[in-house]
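Structure first, then comments.
FYI, it's all coordinate maths here, none of it is from the lab. Here the structure is a predicted model, which means the values were calculated and not measured. Here the Cβ positions follow ideal geometry from the backbone for every residue, glycine too, while neighbour counts run over all protein chains shown.
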């Protein structure tokens, strides 16, 4: 019997070998497939977790940026009100009535400068902070992913504070320098505009855009009394970073971060974004100004229309109205019949002067909030964050 079994096994040995190989291979293949599936599942789970964590970090960072911008609005407003002061001019009108006409001309220049400065300052603050904090957020997120790598220097809290110190430079030095350039450009455009001249909303828009074009060097400024060219945007945000003398890794990282920030701020993409924000800002202010244009054939000169801009500016508005009512009444009567949406320059001045309070207010639907949710700004911030949050960056 055993001989017969042995004979059967011997005669069918190849079949048994083949069957054994098939079963063994199937078992090995099954284990390999299971191993691969487990690895794939773990990889996918980790990627989903990392994406979710990155998304949450980005959303929290965006909230931090918006809160920082709104908290900074008070400082921006204080600098504009200090460097473009209308209260001193209004007081000078009371104390020196014999020079009323000259002082009103200065008040006109300051009011137009305030308006265009509010747009430029708001756009630069919003866009620069978006770039700075997204770049820093990308660095910190990448640092978290690579914290197990001992060869990578971590982004310390001290380094983050030194990087964010650029905000103080913008408020203390960059912003006054920017306002000075804007004031010179504005004076060159509006210095010949009579106080009794009647402006439609479209003509006012043309003046604001002409100032913008002169700052962009897109119109001939050879007749200008003073140069009004803008420097690279990075020069208003931070001082030029110097290469560190020491070999400190932390100082080298900080230097690289500052250089990369300057490169972004001076790039073509940032310039296009900033120009878009300027257009959005001008259109926003024109919408606000249009609320003060008369819609009927007669306008009550004693109405408190300027209070709509800012309650605290009402006292200045009453002074403006009482001093200029005699000069502007004839223009109002002659123009209101045919052009109901016109105002004399003298009446536009208090509106322009008061816009700074509402525009730089942290309340919803104001200029800062409208700029913060701009799609192109959000897209640029997302691109910066994505570029610097990669572990192999």
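Below, the figures for the structure above:
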{"item": "Most to least packed among 18-25, 368-375 [average Cβ atoms within 10 Å]", "result": "368-375, 18-25"}
{"item": "Efficiency of FRET between residue 162 and residue 365 - r from beta-carbon atoms, R0 41 angstrom, step 0.05", "result": "0.70"}
{"item": "Modelled FRET efficiency - R0 56 Å, residue 249 with residue 4, Cβ distances, 0.05 increments", "result": "0.10"}
